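Q: First the structure, then my questions, so here it is.
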Amino acid sequence: MALVIEGLSKTYPNGVQALKDLSLTIGNHMFGLLGPNGAGKSSLMRTIATLQDPDAGSITLDGIDVVRQKDQVRRLLGYLPQEFGVYPKVSALDMLEHLAVLKGVTHKGERREMIEALLNQTNLWNARKKAIATYSGGMKQRFGIAQALLANPRLVIVDEPTAGLDPAERNRFLNLLAGIGRDVTVILSTHIVDDVRELCPRMAIIAGGQVLLEGAPNEAIAAL
Ligand code: ADP
Ligand code: ADP
């Protein structure tokens, strides 16, 4: 997997320039995007996830143009947004079943196998029949990961996933991400230095819509 971002700029209609000629290349490893609130991390993530277009610049995922070939890119990536929004009253099992049907997994046995594996991986098997709306914050985040992985993605991007989690849930979530990071590339956006230090062999520090520093966490964080 190679994600190549070149010269990305974005100014919102209110005049805020969230991304300023940002360039970054991400390869096969868990990659941390560390930066304060307002740095531009979510804007960058939404752009990679094909949910918003840049004013200038380009992004390619394994050579596919993220801005112009959105459908193709969407099949290759899973996205856990910062605000996952409204939580359904249906169970995790029903929701994943529904999403797998939408995704075109027509064979019932195949769907069941896929969903069982995901529920086990995210430690939600025992809660699979409960409404997602009743889940704790950590369980909701883990459900978000199950949903992101359903597409069998090459790249998973997660935006501030540990915000609001208690320490036990945070650890559980980071362990889950570490496991996923062994199979697919994960981009972790966060303002929490320790999240990146614990998980990511490579990272970039983002501020003011630009990359300030890039490298291994120990070097990059020490250089701050
Ligand atoms: P973050 O916590 O990453 O800074 P934001 O609060 O910037 O997230 O963004 C949360 C949501 O609000 C996003 O959907 C974003 O598009 C929207 N948003 C953020 N800032 C503004 C703004 N100044 N005007 C309009 N929408 C905004
Ligand atoms: P981060 O995720 O690092 O907190 P964001 O990308 O959410 O950064 O925000 C970068 C800047 O852009 C902030 O000043 C934020 O208020 C602004 N912003 C984000 N989304 C929007 C939006 N939809 N409309 C207007 N301004 C926005």
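The values are calculated or read from the model by the stated rules, or taken from the named source; none is laboratory data. Keep in mind it's a predicted model, so treat the numbers as computed, not measured. When we count neighbours, we look across all protein chains shown, and the Cβ atoms used for this are built from the backbone with ideal geometry, even at glycine. Just so you know, the surface numbers come from the protein's heavy atoms only, side chains and all, with ligands and any DNA or RNA stripped out. Shrake-Rupley method; radii C 1.70, N 1.55, O 1.52, S 1.80 Å.
Q: Where does the charge balance sit around A204 when Lys and Arg score +1, Asp and Glu -1, over other residues with C-beta under 11 Å from its C-beta?
A: Local charge sum for A204: +1.
Q: For the range 57-124, what size does the Cα cloud have along each of its three principal axes, sorted from largest down, in whole Å?
A: 41, 30, 20
Q: On to the next question. In nm, what is the difference between 0.36 nm times the number of residues separating L213 and R75 and their Cα-Cα distance?
A: Gain on stretching L213 to R75: 46.6 nm.
Q: For the range 162-189 and the range 79-135, what is the separation of their C-alpha centers, rounded to whole Å?
A: That distance is 18 Å.
Q: A follow-up question, please. In nm, give the distance between the simple-model label positions of D62 and N152, each being 7 Å from the Cα along the Cα-to-Cβ direction.
A: The answer from the label model is 1.1 nm.
Q: Related question: Carbon-plus-sulfur fraction of the accessible area of the range 157-205, 1.4 Å probe, in percent?
A: 46
Q: Can you pull the semi-axes for the chain, root of five times each eigenvalue of the Cα gyration tensor, sorted largest first, whole Å?
A: 29, 20, 16
Q: Right, another one. With both partners inside the chain, how many of the DSSP beta bridges are antiparallel, as a percent to the nearest 5?
A: Of all bridge pairs located within the chain, approximately 55 percent are antiparallel.
Q: In what sequence, highest mean first, do 119-127, 6-14 appear when ranked by Cβ atoms within 10 angstrom?
A: 119-127, 6-14
Q: While we're on this one: Per residue, how large is the accessible surface of the range 1-139? Use a 1.4 angstrom probe and give square angstrom.
A: 52
Q: Oh, and also: Starting from the residue with the highest accessible area, list L150, L224, L51 in decreasing order, probe 1.4 Å.
A: So, going from the largest accessible area down, we get L224, L51, L150.
Q: Please list, short to long, the whole-number percent of alpha-carbon pairs of the range 94-140 in consecutive 10 angstrom bins beginning at zero.
A: 26, 52, 21, 1
Q: Here is a follow-up. Separation between the Q17 and N123 pseudo-spin-labels, each 7 Å from Cα along Cα→Cβ, expressed in nm?
A: For Q17 paired with N123, the spin-label model returns 4.4 nm.
Q: Please list, by residue number, every one of the trypsin sites (Lys or Arg not before Pro) in the range 35-124 that is coil in DSSP and has at most 15 other beta-carbon atoms within 10 Å.
A: Hits after loop and neighbour filter: R68, R75, K89, K103.
Q: Around P167, under 15 Å between beta carbons, what's the net of Lys plus Arg minus Asp minus Glu among the other residues?
A: Taking every other residue near P167 into account, the sum is -3.
Q: Oh, and also: What residues have an amide H closer than 5 Å to that of I157, excluding those fewer than 5 places away on the same chain, when H is modeled at 1.01 Å from N in the peptide plane?
A: HN-HN under 5 Å from I157: G78, Y79, L80, I187.
Q: Over the chain, how many pairs of lysines fall under 29 Å by alpha carbon, counting only those 8 or more apart in sequence or from different chains?
A: Total qualifying Lys-Lys pairs in the chain comes to 24.
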